[in-house]
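One structure below.
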Amino acid sequence: MDKVEIFEVGPRDGLQNQAGFIATADKIKLVQLLVVAGFARIEVASFVSPKWVPQMADGADVLAGIGNVAAEMWALTPNARGLSAAISASVEGVAVFGSASEGFSRANINATVDESLKRFAPLVSEAKETGLKVRGYISCVTDCPYDGATPPARVARVAKALLAMGCDEISLGETLGRATPEAVDAMLKAVLNEVPAAQLAGHFHDTAGVALGNIDVSLKHGLRIFDASIAGLGGCPYAPGAAGNVATEAVHAHLTALGYDTNLDATALDKAATFAKGLRA
Ligand code: HMG
Ligand code: MG
């Protein structure tokens, strides 16, 4: 059976946008339930400025509370300070996160696209030298809340740069969750000229209910890694109006119906989804 990995991002992308502060113990419990469901990799923290995203301020405590588990623990690291905090917290993988559009780049990380790439290069090198795996996110791969439609060539350019600096995998963020299948198709064609499908992940938010269709488009292009958030939690604090990632349970059910093996336990997934729904503000 053809395998597809669901990369669980709920504890980070899902929780980062919740209005009320979620207790550290609840964040830890959510991750533990997800570990039982069988994920190979879970994004559990974000070592960003607590002024920008207060919900993620307890990342080190979350990781300390989880301890050693079978799944790899991943975290977002926007700069050297974030990377050093992630290394101290003993994560297995880190992600730098940029954008294909200038408007979102400035709003989200206070840098132009080129400034961000310059900032990421030494971070990626240091992370790799430390033995960590590294992801590079690209936001706004089809549309930007500030700049409108994103030309596919811009996504391909950023993807090429992230690959060249040593990222093991590039996650393509459809941040607004409204892309047409035609736009995703055109974007993937451009990116696949620079990065092989095996090193790409699809990261679809699901504001307009088009994420599963866009996962189908990505499957046709050979992608076999999809990011998803348990119970569809989330949104991005710097993408007004965007809803959460496509729900992990929905992606699991969809892929299973198509005959793919996700290596996840549906009953344990339901238990995690029920707990996650209780955390929603
Ligand atoms: P800045 O204001 O340009 O940076 O922010 P700065 O260096 O001037 O720092 C500002 C303050 O933050 C300072 O504190 C720093 O010490 C502190 P002050 O002196 O004012 O008291 N600071 C930090 N504190 C803790 N950890 C750090 C850190 N760095 C600085 N690592 C910065 C630049 C990148 C830091 C800021 O813009 C930031 O933190 N942005 C993060 C925004 C964010 O997390 N967005 C959500 C994640 S991305 C996303 O969701 C999209 C994705 O899912 C894909 C998709 O869907 O498209 C990945
Ligand atoms: Mg996201």
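Here are some residues: E72, E115, E43. Which one is at pLDDT 95 or above, surrounded by 18 or more Cβ atoms within 10 Å (Cβ to Cβ) and among the charged types (D, E, K, R)?
Values: E72 fails: surrounded by 18 or more Cβ atoms within 10 Å (Cβ to Cβ); E115 fails: surrounded by 18 or more Cβ atoms within 10 Å (Cβ to Cβ).
Of the residues listed, the single one that is at pLDDT 95 or above, surrounded by 18 or more Cβ atoms within 10 Å (Cβ to Cβ) and among the charged types (D, E, K, R) is E43.
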Residue list for the range 211-233, restricted to those being more than 15 Å from ligand 2 (Cβ to nearest atom) and touching a Pro at 6+ places or on another chain (Cβ under 9 Å): G213, D216, V217, G222
Total residues in the range 17-40, condition under 24 Å from S84 (Cα atoms) and surrounded by 23 or more Cβ atoms within 10 Å (Cβ to Cβ): 2
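Okay, residues lined up against (1) in contact with a Pro (Cβ under 9 Å, 6 or more places away or on another chain); (2) within 16 Å of ligand 1 (Cβ to nearest atom):
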{"position": "V4", "(1), (2)": "no, no"}
{"position": "E8", "(1), (2)": "no, yes"}
{"position": "N17", "(1), (2)": "yes, yes"}
{"position": "G20", "(1), (2)": "no, no"}
{"position": "Q32", "(1), (2)": "no, no"}
{"position": "A40", "(1), (2)": "no, no"}
Residues that are touching a Cys at 6+ places or on another chain (Cβ under 9 Å) and of a type in the set (A, V, I, L, M, F, W, C), drawn from the range 162-194: L176
Single unsatisfied condition, P240 versus (1) out of contact with any Leu (no Cβ under 8 Å at 6 or more places or on another chain); (2) modelled with pLDDT of 95 or more; (3) over 24 Å from L34 (Cβ atoms): (2)
Qualifying positions in the range 178-208 - surrounded by fewer than 17 Cβ atoms within 10 Å (Cβ to Cβ) and within 16 Å of ligand 2 (Cβ to nearest atom): A208
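Only one residue in A242, A250, A266 is out of contact with any His (no Cβ under 7 Å at 6 or more places or on another chain) and either in contact (Cβ under 8 Å) with a residue 60 or more places away in the chain or at negative phi (or both). Which one?
Working: A242 fails: out of contact with any His (no Cβ under 7 Å at 6 or more places or on another chain); A266 fails: out of contact with any His (no Cβ under 7 Å at 6 or more places or on another chain).
After applying the criteria, what remains is A250.
Are any residues in the range 100-149 small (G, A, S) and in contact with a Cys (Cβ under 7 Å, 6 or more places away or on another chain), and if so, which ones? Please lay out each step first, then the result.
Looking only at the range 100-149, we keep the residues that are small (G, A, S), and these are 100-101, 103, 105, 107, 111, 116, 121, 125, 127, 131, 136, 139, 148-149.
A100, S101, G103, G136 - these are the residues of the range 100-149 that are small (G, A, S) and in contact with a Cys (Cβ under 7 Å, 6 or more places away or on another chain).
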Counted residues, the range 150-167 - those being free of Cβ contacts under 8 Å to residues at least 12 places away in the same chain and part of a loop (DSSP other than H, G, I, E, B): 1
Residues located in the range 95-119, provided they are more than 13 Å from V158 (Cβ to Cβ) and either in contact (Cβ under 8 Å) with a residue 60 or more places away in the chain or in contact with a strand residue (DSSP E or B) (Cβ under 6 Å, 6 or more places away or on another chain) (or both): A95, G103, A107, N108
Extreme residue, nearest to the chain's Cα centre (by Cα), among residues of the range 212-266 that are within 13 Å of ligand 1 (Cβ to nearest atom) and of a type in the set (A, V, I, L, M): A228
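Every residue in the range 168-184 that is hydroxyl-bearing (S, T, Y) and touching a residue at least 60 places away in the same chain (Cβ under 8 Å), please.
The initial filter retains those residues of the range 168-184 that are hydroxyl-bearing (S, T, Y), namely 171, 175, 180.
Across the range 168-184, the qualifying residues are S171, T175.
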Members of the range 48-80 that are within 16 Å of ligand 2 (Cβ to nearest atom) and touching a strand residue (DSSP E or B) at 6+ places or on another chain (Cβ under 8 Å): V48, V53, M56, W74, A75, L76, T77, P78
Inter-residue pairs, beta-carbon under 6 Å, first free of Cβ contacts under 8 Å to residues at least 40 places away in the same chain and in the range 125-149, second within 16 Å of ligand 2 (Cβ to nearest atom), 6+ apart: A149/D143
The range 168-211, subset within 13 Å of ligand 1 (Cβ to nearest atom) and assigned to a loop (DSSP other than H, G, I, E, B), residue nearest to the chain's Cα centre (by Cα): T175
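The values are calculated or read from the model by the stated rules, or taken from the named source; none is laboratory data. The structure presented is a predicted model; accordingly, all values stated were derived computationally and were not measured. All Cβ positions, even for glycine, are placed from backbone atoms using ideal geometry, and neighbour counts span all protein chains on display.
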